[in-house]
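Working notes, beginning with the structure itself.
Please treat every number below as a calculation from the coordinates, not as lab data. These numbers were taken from a predicted model, which means no experiment stands behind them. Cβ sites come from the backbone with ideal geometry, for glycine too, and all protein chains shown count toward neighbours.
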Amino acid sequence: MIMTLEDVKTYIRDIPDFPVEGVVFKDITPLLGNVEAFDWVIQEIKSQFADKGITKIVGVESRGFIFGAPLALSLNAGFVPVRKPGKLPADKIRRDYSLEYGKAALELHRDSIQPGDRVLIIDDLLATGGTSTAARELVEELGGEVVSFAYVIELGFLEGRKRLGDYNVYSLLKY
């Protein structure tokens, strides 16, 4: 089957009032369960970055891991997980940030990014940009160069792209 962007959209379902009342959650599990749709998404994102010299893919916990690991393999780049507090065992750095419905923090191993690494930060969804900004700050603190951000879904009405400033931002699906 040949996929299109419209086909892929049919694999995203809305879950109202999750994780809190008033939020409409974009559920990607149907997309992940369809091999053609999942592969199409990875290949489409890869096509945007194949010639950018990416050396590390930073995947944001947890759904950024799902897209980041296969993307890293396909781009011949290392994969680096950015985790919630208490999940990384070695020496790490931390950033606190605000979500659209609360507060959170992210951590990154100090030895996971080297000065000069060309980094693509990936997550499943761009909302307010708080998570991505925290991930960017962690990467840059370690000397990495953030080449771009990539998302499967962007919620444009929350204006997260504005918070990311002048960085390149790629989103596959925009709502």
>> Can you tell me the length gained on complete extension of the stretch ASN168 to LEU5, counting 0.36 nm per residue apart and subtracting the Cα distance?
In response: 56.6 nm
> How about LYS92: which lysines have a C-alpha closer than 30 Å to its C-alpha, ignoring those fewer than 8 places off in the same chain?
Replying inline: LYS46, LYS52, LYS56, LYS84, LYS103, LYS162
> Given the rule -39500 (n - 2.57) for each run of at least 4 DSSP H residues, summed and divided by the residues of the chain, what is its mean residue ellipticity at 222 nm, to the nearest 500 deg cm²/dmol?
Replying inline: -8500 deg cm²/dmol
> So what's segment 1-81 giving for Cα Rg divided by 2.2 N^0.38 Å, two decimals?
Replying inline: 1.22
>> Is there a quick way to get the dipole size of segment 23-175? I mean about its Cα centre, with the Cβ of Lys and Arg at +1 and of Asp and Glu at -1; what is the value in debye to the nearest 20?
In response: 260
> What residue among PRO85, PRO16, PRO115 shows peak mean-square fluctuation when the chain is described by a Gaussian network model with Cα springs under 10 Å?
Replying inline: PRO16
>> So if I take the alpha carbon set of segment 34-109, get Rg, then get Rh from the Kirkwood formula, what is the Rg over Rh ratio?
In response: 1.04
> So, in nm, how far is label PHE157 from label ASP17 when the simple model puts each one 7 Å beyond its Cα toward the Cβ?
Replying inline: 1.8
> When you count, for each residue, the other Cβ atoms within 10 Å and take the mean per peptide, how do 22-35, 118-131 rank with the highest first?
Replying inline: 118-131, 22-35
> Quick one: if you stick a label point 7 Å off each Cα along the C-beta vector at VAL24 and GLU141, how many nm between them?
Replying inline: 3.6
> Normalised by the residues of segment 52-174, what does the relative contact order come to in percent, with Cα pairs under 8 Å and at least six apart?
Replying inline: 24
>> Along each principal axis of its Cα atoms, how long is segment 52-174 end to end? Whole angstroms, biggest number first, please.
In response: 36, 30, 25
